[in-house]
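K.L.:
One structure is given below, represented as structure tokens, and several questions about it will come after.
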Amino acid sequence: MAIRPHYGVYSFTDVTAYITAVSGGTFRLGGDGTSQAEEGITIVYTEETNTQTIGADGSVMNSLHAAMAGTLTTRLLKISPVNYQLAQLYNYQRMSSSTWGNNKILIRDVNRMEDMTCEGCAFSRFPQITYNKVGAVMEWEFHVSVIMPKFTKPSLLYTGAQIPTENIPTINDEY
């Protein structure tokens with residue numbers, strides 16, 4: 001029996017990112033049309049979800065960690081108008097601790113129905129500024145209090161019109 005390879009298409013044009021500030025304003029943080037750099041957007045958890053402890057007799061204990069914190073980095077070309085919006089937001093939020101660290105960021109891949117919701121986002125610092133021969137990339141990093149991923153089961157992404165319903169081989173059929 002031959003194994004059929006899995007294939008699919010990914011495009012950054014299907015990805016959108018929005019930031020909602022404590023002041024109530026929302027604007028696009030990344031995605032198609034925001035002058036996003038090739039390196040795109042990265043989300044990283046700060047610590048592992050599990051610690052495994054092995055006893056002297058070989059028993060294994062897994063300890064689930066409650067923390068869901070991490071960092072989110074969006075990389076924009078120097079020419080992106082989003083840099084101005086983020087700089088304004090950064091300067092505004094630095095004026096008071098009541099406005100600091102309360103941003104919410106939603107990243108959505110509409111083609112794969114993936115959502116990454118990041119709550120309690122604070123600017124980690126103002127990005128490095130480089131003036132050189134070739135325009136630089138501005139990296140905006142946020143410390144995130146809670147990262148909540150939501151992925152939809154791949155089989156639910158296709159409509160009946162996209163999946164053939166006749167002559168589909170079963171596990172017992174030979175190819």
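The values are calculated or read from the model by the stated rules, or taken from the named source; none is laboratory data. Since the structure is predicted, the reported quantities are computational estimates derived from the model, not experimental observations. In this analysis, Cβ positions are derived from the backbone assuming ideal geometry, glycine residues included, and neighbour counts consider all displayed protein chains.
K.L.:
Can you find a residue that is in a helix (DSSP H, G or I) and out of contact with any strand residue (DSSP E or B) (no Cβ under 7 Å at 6 or more places or on another chain) anywhere in region 41-50? Give the steps one after another, and end with the answer.
P.N.:
Applying the first criterion (in a helix (DSSP H, G or I)) to region 41-50 yields none.
Scanning region 41-50, I find no residue that is in a helix (DSSP H, G or I) and out of contact with any strand residue (DSSP E or B) (no Cβ under 7 Å at 6 or more places or on another chain), so the answer is no.
K.L.:
Given the structure, is Tyr90 closer than 13 Å to Trp140 by Cβ, modelled with pLDDT of 95 or more and of a type in the set (Phe, Trp, Tyr)?
P.N.:
It is true that Tyr90 is closer than 13 Å to Trp140 by Cβ, modelled with pLDDT of 95 or more and of a type in the set (Phe, Trp, Tyr).
K.L.:
Tally up the residues in region 107-127 that are touching a Phe, Trp or Tyr at 6+ places or on another chain (Cβ under 6 Å), buried (at least 17 other Cβ atoms within 10 Å of the Cβ) and in a strand (DSSP E or B), please.
P.N.:
Residues that pass the stated criteria total 2.
K.L.:
Six or more apart or on different chains, Cβ atoms under 6 Å: show the pairs whose first residue is in region 34-47 and more than 18 Å from Ser124 (Cβ to Cβ) and whose second is of a type in the set (A, V, I, L, M, F, W, C) and outside any strand (DSSP E or B).
P.N.:
These pairs meet every condition: Thr34/Val82; Ser35/Ile79.
K.L.:
Ok, one more. If we scan region 31-38, do we find a residue that is assigned to a strand (DSSP E or B) and β-branched (Val, Ile, Thr)?
P.N.:
The answer is no; no qualifying residue exists.
K.L.:
Looking at region 84-98 only, could you name the residues that are surrounded by 14 or more Cβ atoms within 10 Å (Cβ to Cβ) and out of contact with any Ser or Thr (no Cβ under 7 Å at 6 or more places or on another chain)?
P.N.:
Within region 84-98, the subset surrounded by 14 or more Cβ atoms within 10 Å (Cβ to Cβ) is 85-87, 89-90, 92-93.
Once the filter is applied, which keeps residues that are surrounded by 14 or more Cβ atoms within 10 Å (Cβ to Cβ) and out of contact with any Ser or Thr (no Cβ under 7 Å at 6 or more places or on another chain), region 84-98 yields Gln85, Leu86, Ala87, Leu89, Tyr90.
K.L.:
Pairs under 6 Å by beta carbon, first residue under 13 Å from Val110 (Cβ atoms) in region 8-24, partner outside any strand (DSSP E or B), six or more apart or different chains?
P.N.:
Thr13/Asp32; Asp14/Val110; Asp14/Asn111
K.L.:
Now, a different point. Can you tell me which residues in region 143-158 are part of a loop (DSSP other than H, G, I, E, B) and either among the basic types (Lys, Arg) or at pLDDT 85 or above (or both)?
P.N.:
Going through region 143-158, the residues part of a loop (DSSP other than H, G, I, E, B) turn out to be 152-153, 158.
The one that is part of a loop (DSSP other than H, G, I, E, B) and either among the basic types (Lys, Arg) or at pLDDT 85 or above (or both): Lys153.
K.L.:
Determine which single condition Ala56 fails, assuming it passes every other condition in (1) surrounded by fewer than 16 Cβ atoms within 10 Å (Cβ to Cβ); (2) modelled with pLDDT of 95 or more; (3) under 26 Å from Gly33 (Cβ atoms); (4) of a type in the set (A, V, I, L, M).
P.N.:
Here Ala56 clears every test but (3).
K.L.:
Looking at region 102-143, which of the residues that are closer than 20 Å to Tyr84 by Cβ and acidic (Asp, Glu) is farthest from the chain's Cα centre (by Cα)?
P.N.:
It comes out as Glu139.
K.L.:
Do we find a residue being touching an Asp or Glu at 6+ places or on another chain (Cβ under 6 Å) and more than 30 Å from Val134 (Cβ to Cβ) anywhere in region 84-105?
P.N.:
Within region 84-105 (the criterion being touching an Asp or Glu at 6+ places or on another chain (Cβ under 6 Å) and more than 30 Å from Val134 (Cβ to Cβ)), the answer is yes, since at least one residue qualifies.
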